Amino acid sequence: MNLFGRGERATRKGTPFDWLIVGLGNPGKEYERSRHNVGAEAVALLAQRAGYTLKAGRDRALVAEVSLNAQRCVLAFPTTFMNLSGESVSSMVRRYGIDEPGQILVIHDELDLPPGALKVKVGGGLAGHNGLKSITQHLKTQDYVRIRIGVGKPPSKEHGANHVLSRIPKAERELLDVMVERAADAAQAVVAQGADAAMAQFNGI
């Protein structure tokens, strides 16, 4: 399957990868530990568990090429800023030979879930998330796998950006640290057992 509706491929040597696992966030120290960057934290944790660190790649992303459950996985944090994430993701899809949307796993913050909630999902709506909008626009499909980390809703829509980018109260941050760990666990389950099994395991918690 060609996700882009066109035949071009970036030059790639060797065997295609099995998974592209993307953690969304914004680059820069001012955004570290914010609600909007929990996806990026989960991917960094996955790399750490595999004995790697994310390093600057060629597709405007920090990447690590790792093996999870004997599958070749690219872990990535796009450094394009959230609303341009799709530019980086589409480039990596071509470079690493990802042929199906089901081989793409995106970990992101989710306003529609309360802090302490996590859901695995395949396809569906974008819930106003600018990173997902950009990825969907560039891939021309919504059928990729997502891990949604709940960060709760702000008091009003006008406060949405401030809510996801601002510093987090200590108790909530500690809860999100637990959820980042759980998101990494869920990502490993998706790779090892598939999205349906991961949903059954994690969505009921």
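Among (1) surrounded by fewer than 21 Cβ atoms within 10 Å (Cβ to Cβ); (2) among the hydrophobic types (A, V, I, L, M, F, W, C); (3) closer than 21 Å to Ala56 by Cα; (4) modelled with pLDDT of 95 or more, which single condition is Leu105 missing?
In the conditions (1) surrounded by fewer than 21 Cβ atoms within 10 Å (Cβ to Cβ); (2) among the hydrophobic types (A, V, I, L, M, F, W, C); (3) closer than 21 Å to Ala56 by Cα; (4) modelled with pLDDT of 95 or more, Leu105 misses (1) alone.
So which residues in segment 105-148 are within 12 Å of the chain's Cα centre (by Cα) and among the hydrophobic types (A, V, I, L, M, F, W, C)?
Hits for segment 105-148 are Leu105, Val106, Ile107, Val120, Leu132, Ile135, Val145, Ile147.
Considering only helices (runs of 4 or more DSSP H) fully contained in segment 129-205, which possess at least 2 residues that are at pLDDT 95 or above? Steps first, answer last, please.
Working: elements: 130-139, 160-165, 170-193, 195-202.
Answer list for segment 129-205: 130-139, 170-193, 195-202.
Would segment 39-58 turn up any residue that is at pLDDT below 95 and either under 21 Å from Arg146 (Cβ atoms) or of a type in the set (Asp, Glu) (or both)?
no
The values are calculated or read from the model by the stated rules, or taken from the named source; none is laboratory data. Note that the coordinates shown come from a computational prediction; the quantities given were computed from them, not determined experimentally. Note: ideal-geometry Cβ built from the backbone for every residue, glycine included; neighbour counts use all protein chains shown.
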